[in-house]
Amino acid sequence: MRMIPLVLALLMAAQPARAEVLSRESAHDVPATVARLEAAAEAAGARVFASVPHSAGAASIGESLPPMVLVIFGNPKIGTPAIHAAPHAGLVLPLRVLVHEDAAGVTRLSWEEPGAMLTAVGVPADAPVIAAIAKALDGLTAKAAAAE
């Protein structure tokens with residue numbers, strides 16, 4: 001019977017870490033913020049693979065969502081080392097940023113914290129690529145959100 005708590009503790013410890021969602025307020029509406037994010041990503045050498053308009057998808061079935069677009073982008077110079085370190089990093093890369101209007105009507109950019117996101121798929125916590133991705137996401141979202 002003493003083994004049950006130990007086994008349960010080990011099973012709980014083996015669960016992957018859940019990535020914290022980070023968010024930043026934008027000075028622009030959703031379409032303008034998406035355009036600014038895509039331009040910032042491309043200017044930084046990343047490729048925008050897709051923009052998924054969740055609100056348009058909802059509208060196609062007669063439902064409604066506040067303005068919401070998922071932007072999927074990546075830079076092989078940054079992402080490839082993560083996939084070398086742990087092939088399952090390909091499950092969370094390329095990067096994704098959700099541009100959405102919150103309940104108060106404020107436009108936000110939201111993304112998963114890279115450290116937890118990548119360590120959950122096997123990238124070592126001390127891998128330099130984690131800091132590089134965190135810096136890239138912070139810089140790109142800041143450019144997209146800026147009032148200028």
Output for the range 19-48, where each listed residue is loosely packed, with under 14 Cβ neighbours inside 10 Å, over 13 Å from the mean Cα position of the chain (by Cα) and assigned to a strand (DSSP E or B): GLU25, ARG47
It is to be established whether one or more residues within the range 45-54 are among the basic types (Lys, Arg) and over 26 Å from ALA127 (Cα atoms). no
Among the residues of the range 56-71, which ones are outside any loop (DSSP other than H, G, I, E, B), in contact (Cβ under 8 Å) with a residue 24 or more places away in the chain and surrounded by fewer than 17 Cβ atoms within 10 Å (Cβ to Cβ)? LEU70
Take the residues in the range 131-148 that are without any contact (Cβ under 8 Å) to a residue 24 or more places away in the chain and of a type in the set (A, V, I, L, M, F, W, C); name whichever of them is surrounded by the most Cβ atoms within 10 Å (Cβ to Cβ). ALA134
If we ask which residues in the range 86-112 are buried (at least 17 other Cβ atoms within 10 Å of the Cβ), assigned to a loop (DSSP other than H, G, I, E, B) and among the acidic types (Asp, Glu), their number turns out to be 0
Could you please let me know if ILE83 is farther than 13 Å from VAL21 by Cα and in a helix (DSSP H, G or I)? yes
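None of the figures in this text is laboratory data; all of them are computed from the coordinates on show. Keep in mind it's a predicted model, so treat the numbers as computed, not measured. Reconstructed Cβ throughout: ideal geometry from the backbone, glycine too, with neighbour counts over all protein chains shown.
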